[in-house]
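Presented below is the structure to which this report refers.
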Amino acid sequence: LGSGIGILMLAPFFLVWTSHTHINWSNRQAMEVVVWIGVLAFLCYVVFSNWVPTSVLGYPLELALFPVMAWGAIRFGQRGATTGVIIMTILVVWQVVRTDDPANALSYDPTLLWIFSGLVSGTSYFLAAILTEVRRREQITARNEARLRGFIDALPDVAFVVSANGEYLQVFAAREGAAHPLSDQLQGK
């Protein structure tokens, strides 16, 4: 289980960080990254150094990781999600390795720790993938709208979109605000 979860956590990190995309962060964004990493590392340390499943504690301290991981996935995309998962994984491994010391041994099966970290990782990856795709689609839509606007602006006169029944659906004028008699008639419909 530990090896499978390890692959789930490490493979996306290497795939995302070895891609040829450029990072353009301002000082403010870089500061947000530093704060996010600090909050995540501190929270992971607190949660995993005292790991006890929720049913024993009576309060779900470990669930506080979900919004912090979502913060990274939403604000920083796939790179944020994979970085957060790596930080979390390092602290989970630290907790499991630390169990060799009898004074710090887990009183519960470490499988619960691996399953929990796998769920948090999967959720972060899924959220980052969805948001990355949404942003990509928005960029494509904006590019297509710019092309259409360029085409319309280059028209010497008027262009029409006509349905199969011969109805005029849209009228595109070469210049915004230019008076075209047919355009005025169609808008009166």
Surrounding charge for Asn144, neighbours by C-beta under 14 angstrom, Lys/Arg +1, Asp/Glu -1, total +3
Sorted on mean Cβ neighbours within 10 Å (highest first), peptides 37-43, 167-173 come out as 37-43, 167-173
With DNA, RNA and ligands ignored, accessible area of Ile130 (1.4 Å probe; Å², nearest 10): 80
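The values are calculated or read from the model by the stated rules, or taken from the named source; none is laboratory data. Not measured: the values here are computed from a predicted model. Glycine also receives a Cβ, built like all others from the backbone with ideal geometry; neighbour counts cover every protein chain displayed. Each accessible area value is taken on the protein alone, full model and side chains, heavy atoms only, with ligands, DNA and RNA left out. Shrake-Rupley method; radii C 1.70, N 1.55, O 1.52, S 1.80 Å.
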